[in-house]
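Input: a single structure, listed below in structure tokens.
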Amino acid sequence: MTRRRISQRKRVHEAKRHIQIVEGRIYRHFDMIDHIDRITTRIASDGTGSIYMPSVDIFEHINPKSPPQGIVFNDNSFLVFKEIFHYDYLSEEATEPKIIQIEYSFHFQMPQRRFFFRYDFHPEVGDRLTHPLHHLHAGGWFSETDSLPSIPRFPVSEVSLGDVLELIQVNFFLSSLN
């Protein structure tokens, strides 16, 4: 079967649609959210999209002393994230195009407990033996620390923002909603 060519217009349209879906996933959890900072999005002319919550500069400088930002929950914990994606065929054998994550990072932090977890997928970084493609960082920090630990890295399956929001709701907010 011959695959159809995907026009730039279609790629851009699907990128815009994906951004709307991501925003909708956030608002589905509004009952546990105190406030949401402005989301930063960009779609290149080739249809490659990026979503940063709240912005690339803030995202890249998160540390133990960072104030709650991004998606700030009712208990003052927060989630910041980035997702870089495009609309294409997943493989040569694929018959239907879809949104493909090129890179992502979902960082949840609980300053009051000195705890964080972060799901990462950044294929251009690290040695596969010590840096799995999809991985989870989880841990705590001491009060005088200026950076978050980068190890251990636990191998995990691919995750999405929806998965992370569900995990946060079930593990940190479900008992408070009853």
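Under 12 Å of direct C-alpha separation, and excluding same-chain neighbours fewer than eight residues apart, residue 98 reaches these aspartates and glutamates: 14, 88. Length gained on full extension, residue 28 to residue 55, computed as 0.36 nm times the residue gap minus the Cα-Cα distance: 7.6 nm.
For every other residue with a beta carbon closer than 12 angstrom to the beta carbon of residue 137, add +1 if it is Lys or Arg and -1 if Asp or Glu, then tell me the sum.
Computed value for this residue: +1.
With the cut-off at under 20 Å, measuring from each backbone N in region 69-106 to a point 7 Å along the Cα-to-Cβ line of residue 3 picks out 84-103.
Counting only helical runs of four or more DSSP H residues, what would the 222 nm mean residue ellipticity of the chain come to if each run contributes -39,500 (n - 2.57) and the total is spread over all its residues?
Details: 4 runs with 37 residues, N = 178.
That calculation yields -6000 deg cm²/dmol at 222 nm.
Size of the chain from its Cα atoms: along the principal axes, largest to smallest, the extents are 57, 39, 31 Å.
Dipole check for the chain: with +1 at the C-beta of Lys and Arg, -1 at the C-beta of Asp and Glu, and the Cα centre as origin, the magnitude is about 520 Debye.
Considering only alpha-carbon pairs that sit under 8 angstrom and 6 or more positions apart, the relative contact order computed for region 8-177 is 17 percent. Partner aspartates and glutamates whose Cα lies under 19 Å from the Cα of residue 65, excluding those fewer than 8 positions away in the same chain, are identified as 37, 57, 75, 144, 146.
In summary, the lysines within cross-link reach of residue 82, defined as a Cα separation below 16 angstrom excluding same-chain residues under 8 places away, comprise 16. Could you work out the local net charge near residue 112, counting Lys and Arg as +1, Asp and Glu as -1, over the other residues with Cβ closer than 15 Å to its Cβ? Here the charged neighbours net out to +1.
Taking 40, 48, 145 as the candidate residues, the one with maximal mean-square fluctuation in a Gaussian network model of the chain, Cα springs under 10 Å, is 145.
The chymotrypsin sites (Phe, Trp or Tyr not before Pro) found in region 69-178 that occupy coil by DSSP, while having at most 15 further C-beta atoms within 10 Å, are 89, 142.
For the options 15, 94, 44, a Gaussian network treatment of the chain with springs between C-alpha atoms closer than 10 Å singles out 94 as fluctuating the most. With Cα atoms defining each centre, region 38-75 and region 146-165 are spaced 16 Å apart in the structure. Since only 22, 71, 134 are under comparison, the one whose Cα sits farthest along the positive direction of the charge dipole of the chain, derived from C-beta charges on Lys, Arg, Asp and Glu, is 22.
For residue 90 and residue 37, the FRET efficiency from 1/(1 + (r/R0)^6), where r spans their Cβ atoms and R0 equals 25 Å, is about 0.20. Sites listed here are trypsin sites (Lys or Arg not before Pro) in region 1-105 whose DSSP assignment is loop and whose Cβ has at most 13 other Cβ atoms within 10 Å: 3, 4, 5, 28, 38, 65.
Quick note: the coordinates plus some simple rules give every number you see, no bench work behind them. As the structure is a computational prediction, the values presented were derived from the model and not from experiment. Note that each Cβ is placed from the backbone with ideal geometry, even for glycine, and that neighbours are counted across all protein chains shown.
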